[in-house]
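The values are calculated or read from the model by the stated rules, or taken from the named source; none is laboratory data. Quick caveat, the model's predicted, so the values are computed rather than measured. Cβ atoms come from the backbone with ideal geometry, glycine included; neighbour counts cover every protein chain shown.
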Amino acid sequence: MKLKNSLLRAICAAAFGVIISGCANAAGPQHFNSMDSPPEAKLYADYLSGKYADQMEDAQARSKYFSSAFARDSENVELGAEAIRSAVLAGDITLARTLSIEMSSLDNTEPLARIVLSAHDMRKGRYDKAAQRLAEQPDDPALGVLIAMMEGWAQYGDGNAARALEIFDEIEVGGYFDVIAAMQKAVILSETGETEDADRNFDRVAKTGVSPILRIMSQARHKSQNGDIPGAIAVLESFSTRRGGVKSGPIYTGLTRLKSGQAMDDKMSAADHAARALIDPAGAYFSEGGAHNLGEYYLRIALMMNPDEDFAKIWLGTVLEREERQADAEDLYQTIDDKSDYTVTARLARANVMFRNDEDDRAISLLKGLVKDHPIFLVRESLGRGYLIKEDYASALPQYEALIADMSDEEIASNPEPLYFKAICLHELKRWSEAEADFKRVLELKPDYADALNYLGYSWVERGENLDEAFEMIRTAVRLEPDSGAIIDSLGWAHYKLGQYSEARIHLEDASAKAPNSATIIDHLGDVYWKLGRLREAGYQWRHALDLDPTDEERARLEVKLKGGLEAAAGMP
């Protein structure tokens, strides 16, 4: 059973001017530019190249070509706006600011330029200038929210707390952004000593579950700044307990500092607050909804206002990964200092990127170093998962044995996952009786653990043991996880092993539709087609499985079947 995709997941509706149009030939515009061509042709070549780079998610090339196009047609406001956007998304702050200055002389109402210049002003403490630039709302509602959030904090930084609260009141037009606006009001009310009103707004946000980490940090800071140290500690401890007792990150650092008599964290400027205000809308709203470029833009602007906001970097890295910009994400994670509250998160994220890029040895080396520096449960367990991804069960087993030895019975009962992975290691190391005992113990502790039900049931079917119970386990797992291709595959394969090929075909076709990139599932589908006499379709599925990163054993078996049919692979592992 392939675990890599699920293990990777465990380590660790707005549009925004994305130009999508017909593919331009990458070599064409570059060649055209090198010729002695008229200016209009060179402009068109840059524009086409920029569009192509946009399609290919090449941020640096996109910025280069759109900036060049704007330089050739410096009166074109729309082209200038695209050049600014591209520079921001490439992380080129200097270019974005230069382009924005040029744009402001061309059209001082253009919103992207106003945002960039205001972010720079806020970072420098020039809140009055930023507030003036941000006063006009654009037609684009997504940019309007960004401008309003920045304007509110610019007004506060300029000493106009009452106007700031009015602006955040105006943002409250219903839904998600009501909650985000309420959070900003809570922070401002806390800063101005209006504790009861601040508490009411924090409680309102807490009931929604929106932006939990930032809300907890802000609420604890509110209590500590107003002299309620026990209340601040209680807020942080309650969150930590719900998360299983966090041992790293800003919550843990805040608790440690408060308990030692220190301030929870450093004083924040209005620009710092503004940067933090953009994080949740960027990641948990826009990017989560598929508007990755918009989410990235928010986060880049946040980092313009506070380059040291590592939580924004973590979210930005997540957005870059969603855009399949793995190298950019890893480079960003590396900018987070080892002394940061987010160093564990950043290094785990880097390891995840390496695993995705099949750089398993680099990832394992990084995780070993992280265990040495931060030997907490989360990190040690991640190293165990890393060995599982490498299918190095002999190295993974002692990791899980050590974790389980350090866990109390209550901790294992509430989190039997390490026991489940230990059982997998034992199974792969041919220590079946021990593995079976651990699988059974997992299911005693958590009877609705779909993966454990599936694994044990599948293993029994493979061994021809306890077939009635195995089928019931797998059916239960399917009911619990009806969209899991791997689990549905197990049900189909169980029917196959009993010679029930027509029934097997139904489930395996369903499994392949839900997990079209699983070599194991596609291989199984080919086998059942062969048994049903659909030989050409069987060969097609086996050839397709070869292209889907099968294990070495699967690859050898597939190659034999493609040469001599299913019977030729009989007896192979």
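Could you check how many residues of the range 427-440 are farther than 22 Å from ARG475 by Cα and either outside any loop (DSSP other than H, G, I, E, B) or among the aliphatic types (A, V, I, L, M) (or both)?
Step one: list which residues in the range 427-440 are farther than 22 Å from ARG475 by Cα, which gives 428-434.
Within this subset, residues satisfying the condition of being either outside any loop (DSSP other than H, G, I, E, B) or among the aliphatic types (A, V, I, L, M) (or both) are 428-429, 432-434.
Residues flagged as farther than 22 Å from ARG475 by Cα and either outside any loop (DSSP other than H, G, I, E, B) or among the aliphatic types (A, V, I, L, M) (or both) within the range 427-440 amount to 5.
Residues of the range 155-173 being among the aliphatic types (A, V, I, L, M), out of contact with any Ser or Thr (no Cβ under 7 Å at 6 or more places or on another chain) and modelled with pLDDT of 95 or more, which ones? Step through it out loud before you land on a result.
If we filter the range 155-173 for residues that are among the aliphatic types (A, V, I, L, M), which is where we start, we get 161-162, 164-165, 167, 171, 173.
From the residues that got through so far, the ones that are out of contact with any Ser or Thr (no Cβ under 7 Å at 6 or more places or on another chain) too are 162, 164-165, 167, 171, 173.
Selection gives ALA162, ALA164, LEU165, ILE167.
Check GLU428, GLU436, GLU401, GLU411 and return the single one that is of a type outside the set (A, V, I, L, M, F, W, C) and either crowded, with 21+ Cβ neighbours inside 10 Å or under 28 Å from the mean Cα position of the chain (by Cα) (or both).
GLU411
Check every one of the helices (runs of 4 or more DSSP H) wholly within the range 441-552 and list those with 3 or more residues that are closer than 17 Å to ALA569 by Cβ, of a type in the set (A, V, I, L, M) and out of contact with any Phe, Trp or Tyr (no Cβ under 6 Å at 6 or more places or on another chain).
Working: elements: 450-463, 467-480, 485-497, 501-514, 519-531, 535-546.
The qualifying helices (runs of 4 or more DSSP H) are 519-531, 535-546.
Looking only at the range 246-272, count every residue that is surrounded by fewer than 15 Cβ atoms within 10 Å (Cβ to Cβ), over 23 Å from ALA312 (Cβ atoms) and either in the same structural domain as ASN415 (by TED's automatic domain parsing) or among the aliphatic types (A, V, I, L, M) (or both) and tell me the total.
Summing the residues that are surrounded by fewer than 15 Cβ atoms within 10 Å (Cβ to Cβ), over 23 Å from ALA312 (Cβ atoms) and either in the same structural domain as ASN415 (by TED's automatic domain parsing) or among the aliphatic types (A, V, I, L, M) (or both) in the range 246-272 gives 0.
Among the candidates ALA327, ALA284, ALA349, ALA302, single out the residue that is part of a helix (DSSP H, G or I) and surrounded by 24 or more Cβ atoms within 10 Å (Cβ to Cβ). It would help to see each step written out before you state the result.
Values: ALA327 fails: surrounded by 24 or more Cβ atoms within 10 Å (Cβ to Cβ); ALA284 fails: surrounded by 24 or more Cβ atoms within 10 Å (Cβ to Cβ); ALA349 fails: surrounded by 24 or more Cβ atoms within 10 Å (Cβ to Cβ).
Going through ALA327, ALA284, ALA349, ALA302 in turn, just one is part of a helix (DSSP H, G or I) and surrounded by 24 or more Cβ atoms within 10 Å (Cβ to Cβ): ALA302.
Name the residue that is nearest to GLU503 (Cα to Cα), counting only residues in the range 516-569 that are in contact with a helix residue (DSSP H, G or I) (Cβ under 6 Å, 6 or more places away or on another chain) and among the β-branched types (Val, Ile, Thr).
Restricting to residues being in contact with a helix residue (DSSP H, G or I) (Cβ under 6 Å, 6 or more places away or on another chain) and among the β-branched types (Val, Ile, Thr), the top hit is VAL528.
Counting just the residues of the range 537-559 that are of a type in the set (A, V, I, L, M, F, W, C) and buried (at least 16 other Cβ atoms within 10 Å of the Cβ), which one comes out nearest to PHE355 (Cα to Cα)?
Filtering the range 537-559 for residues that are of a type in the set (A, V, I, L, M, F, W, C) and buried (at least 16 other Cβ atoms within 10 Å of the Cβ), the one nearest to PHE355 (Cα to Cα) comes out as LEU548.
Any residue at all in the range 379-391 that is closer than 22 Å to TYR455 by Cα and over 22 Å from the mean Cα position of the chain (by Cα)?
yes
Of all residues in the range 127-141, count the ones that are out of contact with any Ser or Thr (no Cβ under 7 Å at 6 or more places or on another chain) and either within 17 Å of ILE188 (Cα to Cα) or buried (at least 21 other Cβ atoms within 10 Å of the Cβ) (or both).
Going through the range 127-141 one residue at a time, the tally reaches 2.
So the check is Cβ under 9 Å with 6+ separation or different chains; which pairs have a first residue in the range 187-213 that's farther than 21 Å from GLY283 by Cα and at pLDDT 95 or above and a second one that's among the basic types (Lys, Arg) and surrounded by fewer than 16 Cβ atoms within 10 Å (Cβ to Cβ)?
LEU189/ARG200
In this structure, is ALA452 surrounded by 16 or more Cβ atoms within 10 Å (Cβ to Cβ), in contact with a Leu (Cβ under 6 Å, 6 or more places away or on another chain), under 30 Å from LYS390 (Cβ atoms) and at pLDDT 95 or above?
On the way: surrounded by 16 or more Cβ atoms within 10 Å (Cβ to Cβ): yes; in contact with a Leu (Cβ under 6 Å, 6 or more places away or on another chain): yes; under 30 Å from LYS390 (Cβ atoms): yes; at pLDDT 95 or above: yes.
Considered against the rule, which asks whether it is surrounded by 16 or more Cβ atoms within 10 Å (Cβ to Cβ), in contact with a Leu (Cβ under 6 Å, 6 or more places away or on another chain), under 30 Å from LYS390 (Cβ atoms) and at pLDDT 95 or above, ALA452 comes out as yes.
Determine whether TYR333 is in contact with a Phe, Trp or Tyr (Cβ under 8 Å, 6 or more places away or on another chain) and buried (at least 19 other Cβ atoms within 10 Å of the Cβ).
no
Every residue in the range 479-518 that is of a type in the set (Gly, Ala, Ser) and within 19 Å of ASP451 (Cα to Cα), please.
Result: SER484, GLY485, ALA486, SER490, GLY492, ALA494, ALA511, SER512, ALA515, SER518.
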